[in-house]
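The block underneath contains the structure these notes are about, expressed in structure tokens.
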Amino acid sequence: MDSRSAWQAENRKALEAIARSVAALQARVITNQADPPRSSNGPYVEALARKAMYLASLAELASVETRITALKARLVAGYPHSLLLRR
């Protein structure tokens, strides 16, 4: 990063992207709970569709968790050039 403000802007972008992903996931889960997948092929196919929906939601949640962990590590490490400024 060229400057601390650019580094902070990147952190804000990452946090905003995480917030958008969480909001989209929450909206999808709420929508699917209110109107679960239906099939004219019977309850077995509906159950498979629900299972697929839940597994996709869990995969997306794991992705969000990974992005949060990466952002936390980046914040804990601090601004990359701060060590040079201390000398």
**Item:** Contact order normalised by residue count of the chain, Cα under 8 Å, 6+ apart, percent
**Value:** 44
**Message:** Per residue, how big is the convex hull of region 1-40 when only Cα atoms are used? Give it in Å³.
**Reply:** 45
**Item:** Efficiency of FRET between Ser5 and Thr69 - r from beta-carbon atoms, R0 25 angstrom, step 0.05
**Value:** 0.55
**Prompt:** If you take the charge dipole of the chain about its Cα centre, with +1 on Lys and Arg Cβ and -1 on Asp and Glu Cβ, which of His81, Ser40, Leu61 is farthest toward its positive end?
**Reply:** His81
**Complete:** If one compares the long axis through the Cα atoms of helix 43-77 with the longest principal axis of the Cα atoms of the chain, the angle in degrees, nearest 10, works out at 10
**Listed values (i) 0.98; (ii) 1.65; (iii) 1.08, entry calculated as Cα Rg over 2.2 N^0.38 Å** = (ii)
**Complete:** Summing -39500 (n - 2.57) over every DSSP H run of at least 4 residues in the chain and dividing by its residue count gives a helix-only mean residue ellipticity at 222 nm, to the nearest 500 deg cm²/dmol, of -28500 deg cm²/dmol
**Complete:** Full extension between Ala34 and Ala77 adds, at 0.36 nm per residue less the Cα distance, a length in nm of 11.3 nm
**Message:** Can you give me the % of accessible surface on the chain that is carbon or sulfur? Probe 1.4 Å, all protein chains present, nothing else counted.
**Reply:** 61
**Complete:** Taking Cα atoms, the helix 4-34 axis meets the longest principal axis of the chain at an angle in degrees (rounded to 10) of 10
**Message:** At 0.36 nm per residue, and after removing the present C-alpha to C-alpha distance, how many nm does the segment from Ala17 to Ala59 gain when stretched out fully?
**Reply:** 13.5 nm
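The values are calculated or read from the model by the stated rules, or taken from the named source; none is laboratory data. Bear in mind that the values here come from a model prediction, so they are computed numbers and not experimental data. Note: ideal-geometry Cβ built from the backbone for every residue, glycine included; neighbour counts use all protein chains shown. These area figures cover heavy atoms from the full protein model, side chains too; ligands, DNA and RNA do not enter into them. Shrake-Rupley method; radii C 1.70, N 1.55, O 1.52, S 1.80 Å.
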